[in-house]
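Worksheet: the structure to be examined is printed underneath.
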């Protein structure tokens, strides 16, 4: 059994992007009017591995998954108590030496 890896958002300098090998995930959580939402959990699952990233006070997150985690096989969901996920948008970055994936989530009040 693989335990989930938990990562909190941290500010990273551009040089950090070259020090950690992996697939760089970043993105944001917003409400339907476009306001950023803090403390939203992004759950990413790939096979038997799962990862959690949490948005910071400005509603953004950033983290790295292992290189052996193929971005097209990662399932993404977002969640926060009292809110309902409307959609998660995935935007793979350009093919480059440092693969990136942008995930953005829209939430609304739960009914």
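The numbers here are math on the coordinates, done by the rules we state, and not lab data. The structure displayed is predicted, hence computed values, not measured ones. No Cβ is skipped: glycine too gets one built from the backbone with ideal geometry, and neighbour counts run over all protein chains shown.
Just need the relative contact order of the stretch 39-107 here, percent rounded to a whole number, with Cα pairs under 8 Å and 6+ apart.
About 27 percent, as a whole number.
Neighbouring Cβ atoms within 10 Å as the yardstick, rank 50, 28 fewest first.
50, 28
List 51, 26 from most exposed to least, where exposure is judged by having the fewest other Cβ atoms within 10 Å.
If I rank by nearby Cβ atoms, fewest first, I get 26, 51.
What FRET efficiency do you get for residue 38 and residue 70 if R0 is 30 Å and r is their Cβ-Cβ distance, rounded to the nearest 0.05?
Step by step, r from the Cβ atoms, then E = 0.50.
For 101, 52, 86, what's the fewest-to-most ordering of other Cβ within 10 Å of each Cβ?
Listed from fewest to most nearby Cβ atoms, that is 86, 52, 101.
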